[in-house]
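Inspection log for the structure reproduced underneath, given as structure tokens.
The values are calculated or read from the model by the stated rules, or taken from the named source; none is laboratory data. Quick caveat, the model's predicted, so the values are computed rather than measured. Reconstructed Cβ throughout: ideal geometry from the backbone, glycine too, with neighbour counts over all protein chains shown.
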Amino acid sequence: MVQTPKRAFQYHRNNARKRKIKFSFTFEEWVKWWETNLGPDWYLKRGCKSGQYVMARKRDRGAYKVANVKCIPCNLNNLESMYGEGRNHPLRRRNIQSS
């Protein structure tokens, strides 16, 4: 079953609540954020599968709010959650080694 944007928003907000992470977006702000980052067909591009985009918290800390989130590919978010955004990040190590 395909979720509507409203149901996806509710799922995101409830998932954050279960993880005890503050979620400061209203539905309208959430939709606007996605449209700004991915364009009018944002709903087809967001998700947690390869090639899709997620709303990720910077350094995986703090609240879900406009100033603390970024739009990144799901695969990169998975790497950042495992390795962080610092020196040990595999993509960063590869860039350092090739310099």
Every residue in the stretch 9-25 that is closer than 16 Å to Asn68 by Cα and part of a helix (DSSP H, G or I), please. His12, Arg13, Ala16
Tell me which residues, restricted to the stretch 38-75, are touching a helix residue (DSSP H, G or I) at 6+ places or on another chain (Cβ under 8 Å), at pLDDT below 90 and in a helix (DSSP H, G or I). Asp60
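To keep it simple, each residue is scored yes or no on (1) out of contact with any Phe, Trp or Tyr (no Cβ under 9 Å at 6 or more places or on another chain); (2) over 16 Å from Arg13 (Cα atoms); (3) of a type outside the set (Phe, Trp, Tyr).
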{"position": "Glu29", "(1), (2), (3)": "yes, no, yes"}
{"position": "Asn37", "(1), (2), (3)": "no, yes, yes"}
{"position": "Gly51", "(1), (2), (3)": "yes, yes, yes"}
{"position": "Lys65", "(1), (2), (3)": "no, no, yes"}
{"position": "Val69", "(1), (2), (3)": "no, no, yes"}
Before we move on, is Arg94 loosely packed, with under 15 Cβ neighbours inside 10 Å, outside any loop (DSSP other than H, G, I, E, B), at pLDDT below 95 and within 13 Å of the chain's Cα centre (by Cα)? no
Taking the stretch 26-54 as the search range and keeping residues that are under 12 Å from Val69 (Cβ atoms) and more than 13 Å from the chain's Cα centre (by Cα), which one is surrounded by the most Cβ atoms within 10 Å (Cβ to Cβ)? Glu29
